Amino acid sequence: MKLHNGNTADQVFAGLGGANLVLKDFASGSRPEADGMGMVLLINGQPFVHDHVNTRVTLGVSEDWLIVNGDPRLDHPFKLHVNSFQVISRNGHPEPQRQWKDTVLVRPGEELRLRVAFRDFPGRTVYHCHNLDHQDLGMMGVLQIEERTG
Ligand SMILES: [Cu+2]
């Protein structure tokens, strides 16, 4: 679907900043130090650490985030707290109906582009896989929403 200026939605929003998050288990990633402890689930190769900020955004800014399920087998429902988002595209195809969501299913191999407006709430929150087993195994990240300075 082309927009009125001839660009696709992806092209228009590609100029916005935004996080790229790859959701993947350690078996399909490469975390040899995780062996022997069962499955470890990661975002961008990192397990959840409660006092480590994974992603920083600025209050008042909209971003496009790319959420990739790099796992060949597991569904990962992606949940972002506090700020709702719209799915802009799936696997490069514009989403026909845009709705406000706080959680969206990302199937194995899928790439979803989400648009998030960080309008109202500065501070710290999280995003995570909404499969609670996956969340507990590390598939969660800390998001810091910073007020603009100066
Ligand atoms: Cu998951």
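The values are calculated or read from the model by the stated rules, or taken from the named source; none is laboratory data. Bear in mind that the values here come from a model prediction, so they are computed numbers and not experimental data. Cβ sites come from the backbone with ideal geometry, for glycine too, and all protein chains shown count toward neighbours.
Numbers below:
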| read-out | value |
| --- | --- |
| Pick from region 43-55, criterion assigned to a strand (DSSP E or B) and more than 11 Å from the ligand (Cβ to nearest atom), ranking: farthest from LEU23 (Cα to Cα) | THR55 |
| Test: LEU105 is farther than 22 Å from VAL53 by Cα, aliphatic (A, V, I, L, M), within 15 Å of the ligand (Cβ to nearest atom) and free of Cβ contacts under 8 Å to residues at least 40 places away in the same chain | yes |
| Residue ID - farthest from ALA19 (Cα to Cα), chosen from residues in region 128-143 that are in contact with a strand residue (DSSP E or B) (Cβ under 7 Å, 6 or more places away or on another chain) and more than 8 Å from the ligand (Cβ to nearest atom) | LEU137 |
| From ARG124, ARG90, residue being more than 16 Å from the ligand (Cβ to nearest atom) and closer than 20 Å to VAL49 by Cα | ARG124 |
| Scan of region 122-139 for residues that are closer than 23 Å to SER62 by Cβ and modelled with pLDDT under 95, ordered by number | none |
| Any hit, region 72-83, residues being within 17 Å of VAL22 (Cα to Cα), of a type outside the set (Asp, Glu) and touching a Cys at 6+ places or on another chain (Cβ under 6 Å) | yes |
| Qualifying residue in region 89-105 (condition: out of contact with any Phe, Trp or Tyr (no Cβ under 6 Å at 6 or more places or on another chain), under 18 Å from VAL40 (Cα atoms) and surrounded by fewer than 17 Cβ atoms within 10 Å (Cβ to Cβ)) | no |
| Residues satisfying the stated conditions in region 56-86, i.e. away from the ligand (no atom under 16 Å from the Cβ) and buried (at least 18 other Cβ atoms within 10 Å of the Cβ) | VAL57, GLU63, ASP64, TRP65, ASN83, PHE85 |
